[in-house]
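The values are calculated or read from the model by the stated rules, or taken from the named source; none is laboratory data. Just so it is clear, the model here is predicted, and its values are computed rather than measured. So basically every Cβ, Gly included, is an ideal-geometry build from the backbone, and we count neighbours across all protein chains shown. Surface areas here come from the heavy atoms of the whole protein model, side chains and all, with no ligands, DNA or RNA. Shrake-Rupley method; radii C 1.70, N 1.55, O 1.52, S 1.80 Å.
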Amino acid sequence: MRSFVRTAGVAAALSVALAACGGGSGGSGGASAPAAAPSKSAAVQDALSKPAELTFWSWVTGIEKTVARFQAKYPNIKINLVNAGQSADQYTKLQTAIKAGSGAPDVAQIEYFALPQFALSKQVVNLADYGAGALKDKFAASAWAQVAVNGGVYGIPQDTGPMAMFYRKDIFDKLKIEPPKTWAEFVEAAKKIKADNPDNFITTIDPGDAGGVDSMIWQAGGTPFKTSGESSVSVTLGSDPGVKQWVSTWNTLLGEKLVDPQPGWTDDWWKGMGSGKYATWLTGAWAPNGIVNSIPKTKGKWAVAPMPQFDAAKPMNAENGGSSVAVIPQSKNIPAAVAFAEWLNSDPEAVKSLNTEAGLFPATKVLLDDPAFRDAPLEFFGGQKINQVLGDASTAVRPGWQYLPFQVYANSIFKDTVGQAIDGGGDLAAALKSWQDRITAFGTEQGFTVSGG
């Protein structure tokens, strides 16, 4: 399912004031967590056999089936599953409850892009203190890197979104187009599609989706956001080489009207995906669930290929979406909350349930490396073993990406800066500079030292 959503309209209340922080954020570093205190680690195991009641906030459709499996296995622990809103809506409610000192859940779903913000402000528990560091090798490296912040562990990876190119095989076959291996080939394929039908496009780009652009910059080799120490942030949207590569390609695609600036997930967007107006969807590995359920009449017309590369000799990939499950300090039973979060996202039974019953693409090696998972042909995709492509896409994710410690705010103003250029055919480089200026001003107001380029 779709796990990465737009955050336009998020209030500045979601900001992180440095004065409220006890330390800095190292972004998504993959350093091993410190050794756990034995008493806390033991308490987590003991908690599974003791009565407890926990509230879990999640918007994932179908996750109630996985939760039911936990309760069947550990009947002493009652889980109250609450949908408090999706992504930014939930984060607003969560921070309000944390600041009020009451009303927060014990456990909450938090997307990777937002986790550093909550970790930096100590609004989620450092799970390394409860032995979570021992789980590191159970997860894909790219997933673990998203929850490992400044030497701590602030969430358990739940799902990932390694990028891939979902494409209409019927359209490609008709026009004799091979799945493009490079972005140069992607542009040429886009021209063929446009020449065949001026009303069609090779893909869309959402003017409000900062996460989608972040992911493509990541896939281009960019690292425009970095945090070091307690208060130093750099934003290099104007000088980062990966950003420049992305800008060069997408200025061409937008300038020649080869891609359609179109908000995603609307009825019109799905209609275009279903009719063949859009020939590809460049997105995370969670997409199949949406395609199958939203445009079922396209069965047999889709296939999956790796993302196009800027340098085919040095392939790189990125994540697009994915969430962690974090524990909130307000919980009256943190050991039980940790035990639940760990089971939910690392137990083989739970991981399989999240994939088959909730449509989440796995973060754990137990499923990513399972031949039964990788080699299963999917009838909807013409019998293609798409999990081989998606599993390899996960392995290819480039390390080193970081999100800002106020990424939720940065994403909320994307539509008013870069989104304007996407929608109106303006220069992406100038728009990114405008985004950077506003990010810098906000970070400085919050007490960070922000450098740029």
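The set of residues in the stretch 92-106 being surrounded by 20 or more Cβ atoms within 10 Å (Cβ to Cβ) and not hydrophobic (A, V, I, L, M, F, W, C) consists of GLN95, PRO105, ASP106.
Find the helices (runs of 4 or more DSSP H) located wholly in the stretch 366-453 whose residues include 3 or more that are under 30 Å from LYS352 (Cα atoms), and list them. Step through it out loud before you land on a result.
Values: elements: 371-374, 386-395, 407-412, 418-424, 428-445.
Once the helices (runs of 4 or more DSSP H) in the stretch 366-453 are filtered for at least 3 residues that are under 30 Å from LYS352 (Cα atoms), what remains is 371-374, 386-395.
The listed residues are ALA119, ALA108, ALA104, and the only one of them that is under 19 Å from ALA337 (Cα atoms), in a helix (DSSP H, G or I) and either out of contact with any helix residue (DSSP H, G or I) (no Cβ under 9 Å at 6 or more places or on another chain) or touching a residue at least 12 places away in the same chain (Cβ under 8 Å) (or both) turns out to be ALA119. Of the listed requirements (1) over 22 Å from ALA312 (Cβ atoms); (2) of a type outside the set (Val, Ile, Thr); (3) open to solvent by less than 10 Å² (accessible area, probe 1.4 Å), MET165 misses just one: (1).
Among the residues of the stretch 421-453, how many are touching a strand residue (DSSP E or B) at 6+ places or on another chain (Cβ under 6 Å) and free of Cβ contacts under 8 Å to residues at least 40 places away in the same chain?
Looking only at the stretch 421-453, we keep the residues that are touching a strand residue (DSSP E or B) at 6+ places or on another chain (Cβ under 6 Å), and these are 422-423, 436, 439-440, 443-444, 448-452.
Filter once more, so that each one left must be free of Cβ contacts under 8 Å to residues at least 40 places away in the same chain: 444.
Number satisfying all stated conditions: 1.
Here is the figure for the stretch 273-300: residues that are open to solvent by less than 10 Å² (accessible area, probe 1.4 Å), under 19 Å from ASN197 (Cβ atoms) and either under 24 Å from the mean Cα position of the chain (by Cα) or among the basic types (Lys, Arg) (or both) total 4.
The set of residues in the stretch 227-246 that are surrounded by 20 or more Cβ atoms within 10 Å (Cβ to Cβ) and either closer than 30 Å to VAL259 by Cα or over 22 Å from the mean Cα position of the chain (by Cα) (or both) comprises VAL235, LEU237, ASP240, GLY242, VAL243, TRP246.
Report whether or not VAL67 is assigned to a loop (DSSP other than H, G, I, E, B), modelled with pLDDT of 95 or more and under 18 Å from VAL325 (Cα atoms). I'd like the intermediate steps shown before the answer.
Details: assigned to a loop (DSSP other than H, G, I, E, B): no; modelled with pLDDT of 95 or more: yes; under 18 Å from VAL325 (Cα atoms): yes.
No, not satisfied.
Screening THR223 against (1) over 28 Å from LEU360 (Cβ atoms); (2) open to solvent by 10 Å² or more (accessible area, probe 1.4 Å); (3) touching a helix residue (DSSP H, G or I) at 6+ places or on another chain (Cβ under 9 Å) leaves a single unmet condition, (1).
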